[in-house]
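Report on the following structure.
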Amino acid sequence: MTVDIQRFQDMASWINFMWSAPFQVLLSLFFLFQLLGISVLAGLICLVAFIPINAKLSLAMRKYQQKQMTLKDERLKLMNEILNGIKVFKLYAWEESIEDRILGIRKNRITTSSSYCLCKCNFFDNLVLCSIFG
């Protein structure tokens, strides 16, 4: 359930960017060409050169985000299971094994989150570098 809500939230925030980004780039290139002339081609070449790098980073970010959502759902299911059967866990002294499972899921989620953040930082750094050198 939370994965679906997260996907819908992500889609809602990026849907307008999908159709407006090409127009923004073309309009920016037009105005820059009016001001700078043919030297705009250097910026366009830089922009095109960074497209494959950003595409790879986007795919990696998507993979990590999907893994993050899967881990989040797994953790929520486990917590729901724990809360529903807390008397049984206490009766048979299974607290440590349950704690180990929760900590394992948290560790995986932290690793995935840090990888996602690293990809996201590199993605936005590439955009800044493209605007500086272009």
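The values are calculated or read from the model by the stated rules, or taken from the named source; none is laboratory data. The structure presented is a predicted model; accordingly, all values stated were derived computationally and were not measured. Methodologically, a virtual Cβ is constructed for each residue, glycine included, from the backbone with ideal geometry; neighbour enumeration extends over all protein chains shown.
The set of residues in segment 19-54 that are in contact with a Phe, Trp or Tyr (Cβ under 7 Å, 6 or more places away or on another chain) and in contact (Cβ under 8 Å) with a residue 12 or more places away in the chain comprises 46, 54. Once segment 24-55 is narrowed to residues that are closer than 27 Å to residue 119 by Cβ and not aliphatic (A, V, I, L, M), the residue that is nearest to the chain's Cα centre (by Cα) is 54. Can you find a residue in segment 110-129 that is under 20 Å from the mean Cα position of the chain (by Cα), assigned to a helix (DSSP H, G or I) and farther than 30 Å from residue 53 by Cα? No, there is no match, as no residue in segment 110-129 is under 20 Å from the mean Cα position of the chain (by Cα), assigned to a helix (DSSP H, G or I) and farther than 30 Å from residue 53 by Cα.
Does residue 87 meet the test of being farther than 30 Å from residue 52 by Cβ, at pLDDT 85 or above, surrounded by fewer than 13 Cβ atoms within 10 Å (Cβ to Cβ) and among the basic types (Lys, Arg)? No; evaluated as a whole, the condition is false for this residue.
Here segment 34-84 is the region considered, the condition is being of a type in the set (Asp, Glu) and surrounded by 14 or more Cβ atoms within 10 Å (Cβ to Cβ), and the residue that is nearest to residue 125 (Cα to Cα) is 73. Of all residues in segment 90-110, those satisfying the criterion of being surrounded by 13 or more Cβ atoms within 10 Å (Cβ to Cβ) and modelled with pLDDT under 85 are 94, 98.
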